[in-house]
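Okay, structure first, notes after.
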Amino acid sequence: MQTHQNNELFQTGYLVDGIWKTLDSTFDVVNPATGEVIASVAKAGREQTEEAIAAAAKAFPGWRAQTAKARSAILYRWYTLIIEHKRELARLMTREQGKPLKESEGEVEYAASFIQWFAEEAKRANGEIIPPVKPGSRILATREPIGVVAAITPWNFPMAMLTRKLGPALAAGCTGVIKPANNTPLSAFALLTLAKRAGVPDGVLNAVAGNTAEISEAIMASPVVRKISFTGSTSVGKTLVRNAAETLKKVSMELGGNAPYIVFDDADIDAAVAGAVANKFRNAGQVCVSVNRFYIHEAIYDTFTHRLAEAVAALKVGNGMDDGVTVGPLINAAALEKVREHVEDAVAKGAKVLTGGAPHALGGNFWQPTVLGDCSDGMKLAGEETFGPVAACFRFTSEEEVITRANNTPYGLAAYFYTQNLQRLFRVSAAIESGMVGINECAVSTELGPFGGVKESGLGREGSVLGLEEYLQVKTLHIGGL
Ligand code: NAD
């Protein structure tokens, strides 16, 4: 096993009160490109989670008492340190997550942007002065940190999904416990090491990974944890919302999607093809806002699918550490099996393979970038997230029909459409049931814009001016006798 014991960013313990602790029981973190075990990480469970919650609770009064400006300065230092360590962090991420190094570097910058943004927003947790109802009185609505927060994050964006939560949580004055995905704890732990270096006091951020069921139970049972912020699958999200009811924790849920991508006959086809490739094959398709269903107008269907297949066939698959690689491996064998199941089901039901369609010659977790034509709504890949490098193309005839089909899903995270017609742009934007809509644009994630879903894709928003609100609660002061 290759280890990096001398590298402070490479942590394999669990973090409580500023100290990385070890355990006899460990779990392996595996490089999805090579199968190599990168690290054995302390397998934390109930006891360690309770320790972590207690540390967060102890640190809360001190952290909330700091001025917003002081917290802002610490966050800003953390942002600077993340950027300074961009290369090192990106290499670590590619090794445990698999995405091409360039994408990892992009994610480090994107992750850092939330810390920078909320360093700024920390100073704007303003309250209100409300006109009094009686003479000689005042009503003030103040905003306070909600308390101890638990942040549970997925493996597909192991740094950005975490900073989207920790930026606003720390800015608001909250403390917390983080539970990164067991496939990718190292990226998260590296960020926490830099947080400490930036001046985040011990106990403000604590971290556990390992026995997910025990960790989850300890978090959900604790009356001390007042908020749970989760990014992951809809099924786990629903369980957490149900469990949060016991102690009535505030919840933020960033869940799965089933994004449609509609290309109308008046679209700029070159832009639509370029957008399709960029969106669908980033992170090997393992993105919550990744397109699941490409709806192409019948008049341009052949042109679009031909050009898309040509562009996709030119993508380079391989180990994300290697130069020029644009598509890395899937996270594990189960992910590959899901892609295989969806592709085989589609082909059995009449889909045509336009490129790819099978595991890659590299073996392991590598799947060929795939374009499927003639897809229909009854196929598995139309109803469930494929979470792989598969572009499924469907034909449509009318605007009305395609909107109905696009909305025919319990999800509503992201949607995309391409058109040059202004009236259509506003009509379709209004009719689409989705938290985010890309219009002649394939990217919908930035710290400046609210990120989140409708329907079964989630509750709450991350980033933007709305992100801080999720970690605050209002206290109304009625002051008399003035
Ligand atoms: P997942 O739901 O399996 O796991 C997410 C996290 O929850 C991990 O840390 C996991 O260990 C933990 N977890 C699993 N079961 C749990 C339980 N019962 N209680 C508490 N925690 C539990 O999801 P995943 O496979 O890691 O991630 C992929 C999913 O995440 C996809 O559905 C994707 O669309 C979604 N996602 C959503 C967003 C968004 O912002 N909306 C962003 C990224 C990923």
Review point. In this structure, is residue 319 surrounded by fewer than 21 Cβ atoms within 10 Å (Cβ to Cβ) and away from the ligand (no atom under 16 Å from the Cβ)?
Key: yes
Review point. When segment 201-254 is examined, which residues are found to be away from the ligand (no atom under 11 Å from the Cβ), among the aliphatic types (A, V, I, L, M) and either at pLDDT below 95 or not in a helix (DSSP H, G or I) (or both)?
Key: 204, 205, 207, 224, 225, 245, 248, 251
**Study point:** Residue in segment 295-307 that is part of a loop (DSSP other than H, G, I, E, B), out of contact with any strand residue (DSSP E or B) (no Cβ under 7 Å at 6 or more places or on another chain) and closer than 30 Å to residue 473 by Cβ present
**Key:** no
Check your understanding: Quick one: is residue 467 surrounded by 22 or more Cβ atoms within 10 Å (Cβ to Cβ), touching a strand residue (DSSP E or B) at 6+ places or on another chain (Cβ under 6 Å) and farther than 30 Å from residue 134 by Cβ?
Key -> no
Exercise for review: Quick one: in segment 427-474, of everything that is of a type in the set (Ser, Thr, Tyr) and under 19 Å from residue 170 (Cβ atoms), which residue is farthest from the chain's Cα centre (by Cα)?
Suggested key: 471
Exercise for review: For residue 283, state whether it is within 23 Å of residue 456 (Cβ to Cβ) and within 13 Å of the ligand (Cβ to nearest atom).
Suggested key: yes
Study note, to complete from the structure: Looking across segment 447-463 at residues that are touching a helix residue (DSSP H, G or I) at 6+ places or on another chain (Cβ under 8 Å) and in a loop (DSSP other than H, G, I, E, B), the single one that is farthest from residue 249 (Cα to Cα) is 448
Review point. Looking at segment 383-433, which of its residues are among the small types (Gly, Ala, Ser) and surrounded by 17 or more Cβ atoms within 10 Å (Cβ to Cβ)?
Key: 388, 391, 392, 406, 412, 414, 415
Review point. Just wondering, is there one or more residues in segment 284-306 that are on the phi > 0 side of the Ramachandran plot and within 22 Å of the chain's Cα centre (by Cα)?
Key: yes
Review point. Can you name every residue in segment 425-482 that is touching a residue at least 60 places away in the same chain (Cβ under 8 Å), among the hydrophobic types (A, V, I, L, M, F, W, C) and within 13 Å of the ligand (Cβ to nearest atom)?
Key: 436, 444, 451, 459
**Study point:** Single unsatisfied condition, residue 188 versus (1) within 20 Å of residue 92 (Cβ to Cβ); (2) assigned to a helix (DSSP H, G or I); (3) more than 10 Å from the ligand (Cβ to nearest atom)
**Key:** (3)
Exercise for review: Inspect all residues belonging to segment 278-293 and state whether any of them is free of Cβ contacts under 8 Å to residues at least 40 places away in the same chain, crowded, with 16+ Cβ neighbours inside 10 Å and assigned to a helix (DSSP H, G or I).
Suggested key: no
Point to revise | residue 275 outside any strand (DSSP E or B) and within 14 Å of the ligand (Cβ to nearest atom) | key: no
Revision key, fill the gap. Of the residues in segment 255-272, those that are away from the ligand (no atom under 16 Å from the Cβ) and of a type in the set (Gly, Ala, Ser) number 3
Point to revise | Some residue of segment 64-84 being closer than 30 Å to residue 388 by Cα and either assigned by the TED database to the domain that holds residue 465 or touching a Leu at 6+ places or on another chain (Cβ under 9 Å) (or both) | key: yes
Exercise for review: Would you mind finding the one in 128, 109, 121, 105 that is over 30 Å from residue 86 (Cβ atoms) and acidic (Asp, Glu)?
Suggested key: 128
Exercise for review: Specify the residue that is surrounded by the most Cβ atoms within 10 Å (Cβ to Cβ); the eligible residues are those in segment 322-356 that are under 12 Å from residue 388 (Cα atoms) and touching a helix residue (DSSP H, G or I) at 6+ places or on another chain (Cβ under 6 Å).
Suggested key: 328
Practice item. Return yes or no: is residue 234 assigned by the TED database to the domain that holds residue 107, of a type outside the set (Gly, Ala, Ser) and buried (at least 20 other Cβ atoms within 10 Å of the Cβ)? Key: yes
**Study point:** Residue in segment 109-116 that is without any contact (Cβ under 8 Å) to a residue 40 or more places away in the chain and either assigned to a helix (DSSP H, G or I) or within 16 Å of the ligand (Cβ to nearest atom) (or both) present
**Key:** yes
Study note, to complete from the structure: Residue hits (segment 418-454; under 25 Å from residue 111 (Cα atoms) and aromatic (Phe, Trp, Tyr)) are 451
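The values are calculated or read from the model by the stated rules, or taken from the named source; none is laboratory data. Bear in mind that the values here come from a model prediction, so they are computed numbers and not experimental data. Using ideal geometry, Cβ is built from the backbone for each residue, glycine included, and neighbour counts are taken over all protein chains shown.
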